[in-house]
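The values are calculated or read from the model by the stated rules, or taken from the named source; none is laboratory data. It should be emphasised that the depicted structure is a prediction, and the values quoted were computed from it without experimental measurement. Methodologically, a virtual Cβ is constructed for each residue, glycine included, from the backbone with ideal geometry; neighbour enumeration extends over all protein chains shown. With ligands, DNA and RNA removed, areas are computed over all heavy atoms of the protein, side chains included. Shrake-Rupley method; radii C 1.70, N 1.55, O 1.52, S 1.80 Å.
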Amino acid sequence: QVQLVESGGGLVQAWGSLRLSCAASGLTFRMAWFRQAPGQERLFVGYITWNTGITNYADSLKGRFTISRDKAKNTGYLQMNSLKPEDTAVYYCAAATTARSYVAATSAASYGYWGRGTQVTVSS
């Protein structure tokens, strides 16, 4: 069982930065971030494989968003730079304790544990 607690959301002006944190209570194989804007589906942002630190991002976010983790603190981070109003959404962290065969790591179905989400609002 893994519990995830996100923090760091808030209101920021366009072109500003925010760093979200996700504290995990148990061991994690992979941690991901997803986001969901009002009336839209939950979308993949990126993930990090916990032991290796290998990351993968949604193509549209490469270069602006960076995922990292602190293994000692069992905490993952999502650094968001050059934020745009269209980045406004609830951001969720998710964790998988093992890899799931035939399920893409970019799919929400790959993750069995979810945080409650944190709101990020970018004003123009």
Local charge sum around Thr55 (other residues, Cβ-Cβ under 11 Å, Lys/Arg +1, Asp/Glu -1)? +3
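If I stretch the segment between Leu43 and Lys71 completely, what's the gain in nm (0.36 nm per residue apart, minus their alpha carbon distance), one decimal?
Values: separation 28, 0.36 × 28 = 10.08 nm, distance 2.55 nm.
Stretched fully, the Leu43-Lys71 segment lengthens by 7.5 nm.
Would you work out what percent of the accessible area of the chain, with all protein chains in place, is carbon or sulfur (probe 1.4 Å)? Walk me through the numbers before you get to the answer.
On the way: 3140 of 6530 Å².
Answer for the chain: carbon and sulfur cover 48 percent of the accessible area.
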Along the Cα-to-Cβ line of Phe29, 7 Å from the Cα, sits a label point; which residues in the range 48-63 have backbone N less than 14 Å from it? 48-52
Per residue, in Å², the accessible surface of the chain once ligands and nucleic acids are set aside, probe 1.4 Å: 53
